[in-house]
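Notes to accompany the following structure.
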Amino acid sequence: PEKFTDGKWLASWVKKLQENLNADDGAGTHYSLTLHKDANRDVPSIRITRAHHGLSTDKFIHREFFASGEYKSIATLSQQLDGLIGEGAYVVRGDHSREVTSFKEVMSWLIEEAKRGQSIQRYKGLGEMNPEQLWETTMNMQTRRLLKVRIEDARSADDVFTTLMGDAVEPRREFIEKNALEVANLDV
């Protein structure tokens, strides 16, 4: 955190972080980092603009983050993991194995292995399902769950419904971005 007062050092560090974030991950994501001076803070914050599939989002990292317990845990783990994967390293899952050169490669391979044999489908409505799928997911009284929903504030419920189901895209996107981290139960 004390390095935030050294503008030259901070600019160099931000540039290096941007280069690391933009290392080709094959996902088409691009990061742009800048120093952002906020009138309410005595030192700049780091603005991270993430562009992915034509959408950009901004996040800010403030000096206080680098003094937090979370950051200290991340930094400690990073130091412990640095250099652990060397020549000849490999990862094993069941009967499958693969030679790897980085933790990023390990995670990518393990995620792909976990997806193998899985089929993910998305339905916008019950009418898009085959009868067997509808029975399995919705109609079978042995496995379905019914929840009673009570509307305590009809006006607020109508506002949320209009935001999420209406024709205006921007309010829906803002609602999702604002509330995404608060979700406890997500119907997938």
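Descriptive notes on the structure:
- Rounded to the nearest 10 Å², the accessible area of Phe60 at probe 1.4 Å: 90
- Per residue, the convex hull spanned by the alpha carbons of the stretch 12-119 comes to 164 Å³.
- For the stretch 1-69: span of alpha carbons on each principal axis (Å, largest first): 36, 25, 22
- Dimensionless Rg ratio for the chain, taking C-alpha atoms and the 2.2 N^0.38 Å reference: 1.44
- Overall form of the stretch 50-93 per C-alpha gyration tensor (a/c, 1.5; a/b vs b/c): oblate
- What a 1.4 Å probe finds exposed on the chain is 53% carbon and sulfur by accessible area, rounded to a whole percent.
- Largest-first ordering by accessible area, 1.4 Å probe, given options Met139, Met165: Met165, Met139
- Rg to Rh, two decimals, where the stretch 101-144 supplies the alpha carbon set and Rh follows Kirkwood: 1.26
- Binned Cα-Cα distances of the stretch 102-188, short to long, each 5 Å bin given as a whole percent: 2, 9, 10, 14, 16, 17, 15, 8, 5, 2, 0
- Point-charge dipole on Cβ atoms (K/R +1, D/E -1) for the chain, about Cα centre, debye to 20: 200
- Computed extension length for Thr29-Gln133: 33.9 nm, one decimal, from 0.36 nm per residue of separation with the Cα-Cα distance subtracted.
- In this structure, Glu99 and Lys37 have a Cβ-Cβ separation that, at R0 = 41 Å, corresponds to a calculated FRET efficiency of about 0.30.
- Simple label model, 7 Å out from Cα along Cβ direction - Leu17 to Ser78, nm: 0.9
The values are calculated or read from the model by the stated rules, or taken from the named source; none is laboratory data. Please read these numbers as outputs of a predicted model, since none were measured by experiment. With ideal geometry, Cβ positions are generated from the backbone for all residues, glycine too; neighbour counts draw on all protein chains shown. SASA here: full protein model, heavy atoms, side chains in, ligands and nucleic acids out. Shrake-Rupley method; radii C 1.70, N 1.55, O 1.52, S 1.80 Å.
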